[in-house]
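Just below is one structure, and these are the notes that go with it.
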Amino acid sequence: MTKSPTLTFKSLDTACIITNLLTYRIFTRIPSLFPRTAGSAAAVSALYSAIIAFLIIWIISTTFCRLSHKNILDTAGAVFGKIGRKLIALIILFYLGISSIIALGEFSEFTKLVSFPTAPLAFCAIFFFVAATLGAFGGFNALSRMHRLFIPLSVSVLTFVVISTLWKGDLSNLFPILGRGAENVFGKGISGVIMYTDITLLFLIAPSQNTPQENKRTLLTASAFSFLIVIAVMFAFTVRIPYPISAEGQFPVYLLFKQIHYGRFFQRIDAILLFAATLSGMLYLSLNLFFFTNILRTDFGLSDTKPVIFPLALAFFFCVAGVKFISAQTLNILLFCTGFGVLAASLVTILFTKVRKKLTNEKI
Amino acid sequence: MRKFKILSALLVTILSAYILCGCFDEREIDETAYIIALGIDKGEGNDYIYTFQFSAPLAVAGGGGGESESSGQESSSEKAEIKDSGNPTVNNIVITAPDFYVAKNMTNNFLSKNINMSHLKLIVFSHNLDSDGLSGHSQFLLREREIRPHTAVAAAKQSAQEYILSVNPELEANTAKYYELMSLRSNNVYAPTKKLSDFVDEISKAGGSSALPLASIADKEDNRGKNASPDGFWIGSESAKLSSSRSDFRGMALFKSGILCGTMNGDSAMLYNILNRDIQSCIITLRSPYRDSDHFSFRLLVDAPASYHVNCAGNPCLINVKQNLGLEFLGSRIPEGFSSIDELYAFADSVLETRITEFFFDISRVKKSDIMKIGDSFKQRFLTQHDWENMNWSQLYETADFDVDIE
């Protein structure tokens, strides 16, 4: 029987988990949606969606961090009853499944692009499949320690790429400042929040009862730091690669890395990127798989998670490398729908909790 | 639990060994042929003529090109031809095909080695390449995994094939290094340097302009070396000529929206380099206004790139160009006719101002291409892409007046 994970939010492990959850998508295709929708205002659009995401996280965290030993599902159960809890658990499960398939596919394609051009996709996917399975087997504590070990490295690599590309950037690429128009930047730009929907995984962990203020501070500081990284990468990307080239890029961060050129001896730094991206992807997939099985246990009557991990990972693997019964476009639409669904469900749960507590004058 | 840990450790060890040895995508160096230069010309109909120049590493190392599959021979088939350029360190293959990848795959018809482009140093486009050919090729070459964004790009004055076949470097055994030094070094004042990524960035914008170095064969240049008509007090590089049939980089080709707008000589390329601060210093020579046979030289120190201010209040627009330059007279005494060193500097200043103003009129009114990216500084005044496109910068630029101020 696996024990439900509890965390003290002040720990470095949590900060690293938050950072990975909010930044791992930099390595995928998703950041290219910013220049596609906003044009030269990609950095402004990234900033806008980061502000919205930060507000959502702030609203959720104000109440959530005070709920001792209750994760978002327990809270949903208390507010909406058993059916409400199961419904939200189903939405989260659906999101985790879609997100895992997309992440596994994108990270495998990324690895293939950077290092194994002639290898089949399945060959690259198998590494992530094995890493995710082992990670989920290791349990939450092992995963959080792995985050503490590797995420600072990943962040250093991203900082390196920002510094290396910014000094040769052209600030005129940021103009016109509103790019493809205000409605595209601020209207369609809201879709950029999808970059951060994985933060809801954190709310599947029950916070410790000791110091809600510290929990909140850790959560918000780590989130702000992660947003800063995403915005900095998007800023460097916009400044270095002008629109419309930036909108056509498949993996923006790879395009950015290709631009790094420190003389004859330091021009192919893609290997470092591959290292950071695979670590980030493997840790995310492990965490995802862990929470998927954990929800099955807590909400769907599974007695032990371990026997399910391998078949589940195998199912994700076959969705990516085997018969593709869902098109990539449909998967992306599903990701957006479920992502926003998960975020909305968490927000609604917290708001209802707050209202109910106020009505009954209970202390949260 | 202990068994599980042992099993995990074993699995990780085996997997690491498998990953680290990296055998899946193995590439043996002696089974790979490296392309170091690529020429693209327009062929008949929809075809393109691709010139692949391969490095012969053993010949570079002094081994006499023993591994070469085609050294010294000249054979031809209907679509592919092996050309002997007289340069022992390279092998050239010319293929006519409708597409680059068809041509690249065709090389495998007679080359046993795997083709690799990770050491590609120079891409030469023919001056008569159509817009689709130029932007299409440059964009997919930039996206090609093996090709680096820092690969140099040039436009051929004759044909790309002729240029590549004529390259036989002096004082350099390694042709790849020759290309690298020739096309990307900053001390070639008479040609701009352009990287593939910069070129694609520039021509992909709506109405985007770019300047490429002009790759030519010296003895095919009829107008070089002849005493050109006096160009005011400026002594140009066009009066100089190489004594042998060397390939060189001199002048620049101007492109707008992927179409060649014209070419400019080495002196204009030098001004382009100065205004962009692609060179930090150079030497200019002027003719004395008092005696034709008197020449004197100045070292020009470029502190910063030129700044532009566009004033569209009137019609036509007025573009103010401000350039900070350091001038140093390279002589021991003040030339005859000048009363003081200040007068001499004032004279040099006025010649430079006139020359730069002529340069701007030439690129805006004649060549109609904004290679100095003046539009980028004007673009900052607009809120959206739509507003900026509605402003029709091309039209404003082509009729604008220039006010050059050298400090």
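Table for the structure above
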{"read-out": "Breaking point among (1) under 17 Å from the mean Cα position of the chain (by Cα); (2) buried (at least 22 other Cβ atoms within 10 Å of the Cβ), for A:Ile333", "value": "(2)"}
{"read-out": "Filter pass, B:Ser339 being touching a His at 6+ places or on another chain (Cβ under 8 Å) and of a type outside the set (A, V, I, L, M, F, W, C)", "value": "no"}
{"read-out": "Selection within segment B:186-204 - within 14 Å of chain A (Cβ to nearest Cβ) and either assigned to a helix (DSSP H, G or I) or more than 26 Å from B:Asp376 (Cα to Cα) (or both)", "value": "B:Leu196, B:Ser197, B:Asp198, B:Phe199, B:Val200, B:Asp201, B:Glu202, B:Ile203, B:Ser204"}
{"read-out": "Qualifying residue in segment B:109-118 (condition: surrounded by 21 or more Cβ atoms within 10 Å (Cβ to Cβ), β-branched (Val, Ile, Thr), touching a residue at least 60 places away in the same chain (Cβ under 8 Å) and touching a strand residue (DSSP E or B) at 6+ places or on another chain (Cβ under 8 Å))", "value": "no"}
{"read-out": "Options A:Ala136, A:Ala103, A:Ala122: the member that is away from every other protein chain (no Cβ under 11 Å), surrounded by fewer than 18 Cβ atoms within 10 Å (Cβ to Cβ) and in contact (Cβ under 8 Å) with a residue 40 or more places away in the chain", "value": "A:Ala122"}
{"read-out": "Members of segment A:139-173 that are in contact (Cβ under 8 Å) with a residue 60 or more places away in the chain, closer than 12 Å to A:Val239 by Cβ and among the hydrophobic types (A, V, I, L, M, F, W, C)", "value": "A:Val162, A:Leu166, A:Leu171"}
{"read-out": "Segment B:144-165, residues that are more than 14 Å from every other protein chain (Cβ to nearest Cβ) and either touching a Leu at 6+ places or on another chain (Cβ under 7 Å) or closer than 13 Å to B:Leu122 by Cβ (or both)", "value": "B:Val153, B:Ala154, B:Ala155, B:Ala156, B:Lys157, B:Ala160, B:Tyr163, B:Ile164"}
{"read-out": "Yes/no for A:Arg66 being away from every other protein chain (no Cβ under 14 Å), in a loop (DSSP other than H, G, I, E, B) and either under 30 Å from A:Ala328 (Cα atoms) or among the charged types (D, E, K, R) (or both)", "value": "yes"}
{"read-out": "Failed item, numbered, when B:Ala155 is tested on (1) touching a Phe, Trp or Tyr at 6+ places or on another chain (Cβ under 9 Å); (2) part of a loop (DSSP other than H, G, I, E, B); (3) surrounded by 18 or more Cβ atoms within 10 Å (Cβ to Cβ)", "value": "(2)"}
{"read-out": "Matching entry among A:Phe127, A:Phe116 (being within 11 Å of another protein chain (Cβ to nearest Cβ), assigned to a loop (DSSP other than H, G, I, E, B) and crowded, with 16+ Cβ neighbours inside 10 Å)", "value": "A:Phe116"}
{"read-out": "Criterion (assigned to a helix (DSSP H, G or I), within 14 Å of chain B (Cβ to nearest Cβ) and out of contact with any Asp or Glu (no Cβ under 6 Å at 6 or more places or on another chain)) met by exactly one of A:Glu183, A:Glu214", "value": "A:Glu183"}
{"read-out": "Some residue of segment B:302-313 being over 28 Å from B:Tyr397 (Cα atoms) and touching a residue at least 12 places away in the same chain (Cβ under 8 Å)", "value": "no"}
{"read-out": "Residues satisfying the stated conditions in segment B:178-211, i.e. charged (D, E, K, R) and within 20 Å of A:Ile260 (Cα to Cα)", "value": "B:Glu180, B:Arg185, B:Lys194, B:Lys195, B:Asp198, B:Asp201, B:Glu202"}
{"read-out": "Residue among B:Ser293, B:Ser268, B:Ser288 that is under 18 Å from B:Trp234 (Cβ atoms) and without any contact (Cβ under 8 Å) to a residue 40 or more places away in the chain", "value": "B:Ser293"}
{"read-out": "Wholly enclosed helices (runs of 4 or more DSSP H) of segment A:239-345 bearing at least 3 residues of a type in the set (A, V, I, L, M, F, W, C) and either within 14 Å of chain B (Cβ to nearest Cβ) or within 30 Å of A:Ala41 (Cβ to Cβ) (or both)", "value": "A:252-258, A:270-299, A:306-321"}
{"read-out": "When residues of segment A:147-170 are limited to those that are in contact with a helix residue (DSSP H, G or I) (Cβ under 6 Å, 6 or more places away or on another chain) and within 13 Å of another protein chain (Cβ to nearest Cβ), the one surrounded by the most Cβ atoms within 10 Å (Cβ to Cβ)", "value": "A:Thr165"}
{"read-out": "Within segment B:158-180, tally of residues that are in contact with a helix residue (DSSP H, G or I) (Cβ under 7 Å, 6 or more places away or on another chain) and either surrounded by fewer than 21 Cβ atoms within 10 Å (Cβ to Cβ) or at positive phi (or both)", "value": "5"}
{"read-out": "Which numbered condition A:Phe225 fails, given (1) in a helix (DSSP H, G or I); (2) touching a helix residue (DSSP H, G or I) at 6+ places or on another chain (Cβ under 7 Å); (3) crowded, with 19+ Cβ neighbours inside 10 Å", "value": "(3)"}
{"read-out": "Any hit, segment A:175-192, residues being in contact (Cβ under 8 Å) with a residue 40 or more places away in the chain and more than 20 Å from A:Val44 (Cβ to Cβ)", "value": "no"}
{"read-out": "Residue that is farthest from the other protein chains (Cβ to nearest Cβ) [pool: residues in segment B:375-386 that are in contact with a Ser or Thr (Cβ under 9 Å, 6 or more places away or on another chain) and over 12 Å from A:Gly179 (Cβ atoms)]", "value": "B:Gly375"}
{"read-out": "Within segment B:301-407, strands (runs of 3 or more DSSP E) holding 3 or more residues that are touching an Asp or Glu at 6+ places or on another chain (Cβ under 8 Å)", "value": "B:318-323, B:325-329, B:401-406"}
{"read-out": "Which listed residue is closer than 14 Å to B:Asp198 by Cα and either outside the structural domain of B:Ser257 (by TED's automatic domain parsing) or aliphatic (A, V, I, L, M) (or both), from B:Val167, B:Val153, B:Val124", "value": "B:Val153"}
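Table: residues versus (1) surrounded by 19 or more Cβ atoms within 10 Å (Cβ to Cβ); (2) assigned by TED's automatic domain parsing to the domain that holds B:Thr151; (3) assigned to a strand (DSSP E or B); (4) modelled with pLDDT under 80.
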| residue | (1), (2), (3), (4) |
| --- | --- |
| B:Ala9 | no, no, no, yes |
| B:Ile19 | no, no, no, yes |
| B:Asp41 | yes, yes, yes, no |
| B:Asn46 | no, yes, no, no |
| B:Thr51 | yes, yes, yes, no |
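Matching residues to (1) more than 14 Å from chain A (Cβ to nearest Cβ); (2) surrounded by 15 or more Cβ atoms within 10 Å (Cβ to Cβ); (3) closer than 25 Å to B:Phe255 by Cβ:
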site	(1), (2), (3)
B:Leu300	yes, yes, no
B:Ile341	yes, no, no
B:Phe361	yes, no, yes
B:Trp388	no, yes, yes
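The values are calculated or read from the model by the stated rules, or taken from the named source; none is laboratory data. In this text, all values refer to a predicted model and were calculated from it rather than measured experimentally. Cβ coordinates were reconstructed from backbone atoms using ideal geometry, including for glycine residues, and neighbour counts include every protein chain displayed.
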